[in-house]
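**Q** Next up is a structure, given as structure tokens.
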Amino acid sequence: MLRRWFFFLFLMVALAGCQWHSDSYDSSQDHVNINIQRYDRVESQYLSMADFAALQQLKTDFPLQTRNLIENVLQLGPVNDPEINTRWLIYFQDSTLQALIKDVNVQYHNLDDINRQFTMAFRRLSQMLPDLDIPSIYTQIGSLDQSIVVADSLLGISLDKYLGTDYPAYLRYGYSQRQRSMMTRDFIVPDGLGFYLLSCYPMPQPQDSTDISRQWHMSKIQYVVNRAMNRQVFHNDTIRQIEQYMKAHPQMPVDSLLRSLSWQRAD
């Protein structure tokens, strides 16, 4: 069940309470409005009640989301396997996963606050990165695997990874206190932004980089996420150096910062 933990978690730090006031708001981006698709609701209807109508809706209205969940997140096999629907249903009969479904339904009955946060964050990102495409965002229920999935202009959020620091299953399966501190509602939007930016500005390949250059690249992503959130979610010495560099070079486009894989420190 604990098959993967995204590689950049070791660079993440605890949520900071201070506010970020570096960017003024430009109303020209008011056309950006995020409305998260509740794939998880239809999914839970099928997985908890074996509702055939819900399964048909999953495959008709959300074919890419369903393929991505079954093949890439859960790794149950090809989505066109004749037995895949039964395999998927049986897999989720595990008592822990059934509890996840119920708890997600309770904690995330309403996502209005998440919609607002994504809307404002992507409006700020659109100011910083005018050519950035806005993904279609949806919520799903995984099996304590990937927190965020990015594919085919889709940004998927696994709500089962954001049930709170003291959620019993996280304690039972050995997540560290540092990991659990980021498995909260507050981290949904920053994580989503971070993974999406990483898909647009990928980490340097190991053969072309060092650990330090990859750390700098991740810190650049986190710096941009902080600006998009308008608060300091992530903070470390590297991010502070990037902030100082950008203050000293206010004309430098954020796109150039993220694409400059060779730049490693703010002089």
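The values are calculated or read from the model by the stated rules, or taken from the named source; none is laboratory data. Note that the structure is a prediction, hence the values are computed from the model and not measured. With ideal geometry, Cβ positions are generated from the backbone for all residues, glycine too; neighbour counts draw on all protein chains shown. Side chains are part of the model used for accessible areas, which takes the heavy atoms of the whole protein and leaves out ligands, DNA and RNA. Shrake-Rupley method; radii C 1.70, N 1.55, O 1.52, S 1.80 Å.
**Q** If a residue has to be buried (at least 24 other Cβ atoms within 10 Å of the Cβ) and touching a Ser or Thr at 6+ places or on another chain (Cβ under 6 Å) to count, how many in the stretch 160-190 make the cut?
**A** Within the stretch 160-190, residues that are buried (at least 24 other Cβ atoms within 10 Å of the Cβ) and touching a Ser or Thr at 6+ places or on another chain (Cβ under 6 Å) number 1.
**Q** Of the residues in the stretch 48-69, how many are open to solvent by 40 Å² or more (accessible area, probe 1.4 Å) and in a helix (DSSP H, G or I)?
**A** 12
**Q** With respect to ASP152, is the statement that it is over 13 Å from GLY192 (Cβ atoms), within 13 Å of the chain's Cα centre (by Cα) and among the charged types (D, E, K, R) true?
**A** no
**Q** Could you say whether any residue in the stretch 144-154 is in a helix (DSSP H, G or I), touching a Phe, Trp or Tyr at 6+ places or on another chain (Cβ under 6 Å) and without any contact (Cβ under 8 Å) to a residue 60 or more places away in the chain?
**A** The answer is no; no qualifying residue exists.
**Q** Inside the stretch 199-224, can you point out the residues that are modelled with pLDDT of 85 or more and among the hydroxyl-bearing types (Ser, Thr, Tyr)?
**A** SER199, TYR201, SER219, TYR223 - these are the residues of the stretch 199-224 that are modelled with pLDDT of 85 or more and among the hydroxyl-bearing types (Ser, Thr, Tyr).
**Q** Could you check the stretch 97-119 and list, in sequence order, the residues that are assigned to a helix (DSSP H, G or I) and either open to solvent by less than 30 Å² (accessible area, probe 1.4 Å) or more than 29 Å from TYR167 (Cα to Cα) (or both)?
**A** Those that are assigned to a helix (DSSP H, G or I) and either open to solvent by less than 30 Å² (accessible area, probe 1.4 Å) or more than 29 Å from TYR167 (Cα to Cα) (or both): LEU97, LEU100, ILE101, VAL104, ILE114, ASN115, PHE118, THR119.
**Q** Here's something else I'd like to know. Considering GLN37, GLN45, which residue is buried (at least 16 other Cβ atoms within 10 Å of the Cβ) and in contact (Cβ under 8 Å) with a residue 40 or more places away in the chain?
**A** The conditions single out GLN37.
**Q** Now, a different point. Which of the residues that make up the stretch 120-142 are crowded, with 21+ Cβ neighbours inside 10 Å and farther than 15 Å from ASN33 by Cα?
**A** Listed by number, the residues that qualify are THR139, GLN140, ILE141, GLY142.
**Q** Shifting gears a bit: Run TYR175 past the list (1) over 23 Å from GLN232 (Cβ atoms); (2) assigned to a loop (DSSP other than H, G, I, E, B); (3) in contact with a Lys or Arg (Cβ under 7 Å, 6 or more places away or on another chain) and report the number of the one that doesn't hold.
**A** The one condition TYR175 does not meet is (3).
**Q** Looking only at residues in the stretch 48-93 that are free of Cβ contacts under 8 Å to residues at least 40 places away in the same chain and among the hydroxyl-bearing types (Ser, Thr, Tyr), which one is nearest to SER143 (Cα to Cα)?
**A** If we take residues in the stretch 48-93 being free of Cβ contacts under 8 Å to residues at least 40 places away in the same chain and among the hydroxyl-bearing types (Ser, Thr, Tyr), then THR66 is nearest to SER143 (Cα to Cα).
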